[in-house]
Amino acid sequence: MNLIFLGAPGAGKGTQAEYISEELNIPTISTGNMLRAAVKAGTDYGLKAKEAMDSGALVSDDIVIGILKDRILEDDCKNGFILDGFPRTVVQAQALDNMGVTIDKVVEINVADEKIQQRLSGRRVCESCGNSYHIDFKPTKVDGVCDACGGKTVIRKDDEPATVLSRLATYHEVTAPLKDYYQAQGKLVTVDGQEEIADTKKLTLEAVKA
Ligand code: AMP
């Protein structure tokens, strides 16, 4: 099964995608994580992407489409995959169609902007492995230390309040139109993000299996 998880930054689509990934035993492909790894490794496209990412803008379609194209050809994607954070523009969605990829469902995780601003201020990520936490909703066992690898957890530069506002504006302007794009293909399902992650998980699994 090939799925897309759509939603504003901080709506929890990454957490839900990881959960469904375990349930269905298919990989999650997060272009955000791949780009952050490229920035850290100092690759060519990492250097090009960094400025856009730090300011809350989107990385150019060419770069993102290129890395996605290579990734879905890998062996572990044979039985399906979940795209988390891709496509983010209509051009990217069209590129996916042109690659001949059939998308079964697009799951939108819907959360109001005010709630997102509140949530992102508490988000922490591991600077070594990229695992994501939240000081209230998903704390690390030891303060500031990643449960998975023991790395240091920090506030992502793009989670700073001014950057969050700009990321939300970008989402509404260029990514939200994808809802209409996939609605027209009869693939869009919307899940309202709940207070409790476990409740959203239940709704998401129902939406995927429906
Ligand atoms: P994320 O972790 O998905 O929120 O992504 C972090 C940042 O990476 C975004 O704010 C963008 O700058 C960049 N990014 C990730 N995925 C894409 C994409 N599909 N298109 C353009 N930029 C992206």
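All of the numbers you see were taken from the coordinates with simple rules; none came from a lab. The model shown is predicted, which means the values in this text are computed figures rather than measured ones. Methodologically, a virtual Cβ is constructed for each residue, glycine included, from the backbone with ideal geometry; neighbour enumeration extends over all protein chains shown.
So that you can scan it fast, the table gives a plain yes or no per residue for (1) touching an Asp or Glu at 6+ places or on another chain (Cβ under 6 Å); (2) over 18 Å from Pro87 (Cα atoms); (3) more than 16 Å from the ligand (Cβ to nearest atom):
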{"position": "Ile135", "(1), (2), (3)": "no, yes, yes"}
{"position": "Pro139", "(1), (2), (3)": "no, yes, yes"}
{"position": "Gly144", "(1), (2), (3)": "no, yes, yes"}
{"position": "Gly150", "(1), (2), (3)": "no, yes, yes"}
{"position": "Thr153", "(1), (2), (3)": "no, yes, no"}
{"position": "Ala176", "(1), (2), (3)": "no, no, no"}
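Of all residues in segment 19-38, exactly one satisfies the criterion of being surrounded by fewer than 18 Cβ atoms within 10 Å (Cβ to Cβ) and without any contact (Cβ under 8 Å) to a residue 40 or more places away in the chain, namely Glu22. Scanning segment 148-184 for residues that are in contact with a strand residue (DSSP E or B) (Cβ under 8 Å, 6 or more places away or on another chain) and under 17 Å from Arg88 (Cα atoms) turns up Thr175, Leu178, Lys179, Tyr182. Per the listing Ile72, Ile65, the residue uniquely within 11 Å of the ligand (Cβ to nearest atom), more than 20 Å from Ala207 (Cβ to Cβ) and under 17 Å from the mean Cα position of the chain (by Cα) is Ile65. Considering segment 13-110, the qualifying helices (runs of 4 or more DSSP H), each wholly inside and each with 1 or more residues that are in contact with a strand residue (DSSP E or B) (Cβ under 7 Å, 6 or more places away or on another chain), run over 13-24, 61-71. Within segment 77-92, being touching a residue at least 12 places away in the same chain (Cβ under 8 Å) and surrounded by fewer than 13 Cβ atoms within 10 Å (Cβ to Cβ) holds for one residue alone: Asn79.
Conditions (1) β-branched (Val, Ile, Thr); (2) within 15 Å of the ligand (Cβ to nearest atom), marked per residue:
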site	(1), (2)
Asp76	no, no
Asn79	no, no
Thr89	yes, yes
Ala93	no, yes
Thr102	yes, no
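When the residues of segment 39-57 are filtered to those that are surrounded by fewer than 18 Cβ atoms within 10 Å (Cβ to Cβ) and touching a residue at least 24 places away in the same chain (Cβ under 8 Å), the one that is nearest to Thr175 (Cα to Cα) is Ala57.
When Gln183, Gln194 are checked against the criterion of being free of Cβ contacts under 8 Å to residues at least 60 places away in the same chain and either in contact with a Lys or Arg (Cβ under 9 Å, 6 or more places away or on another chain) or closer than 29 Å to Lys138 by Cα (or both), a single residue qualifies: Gln194.
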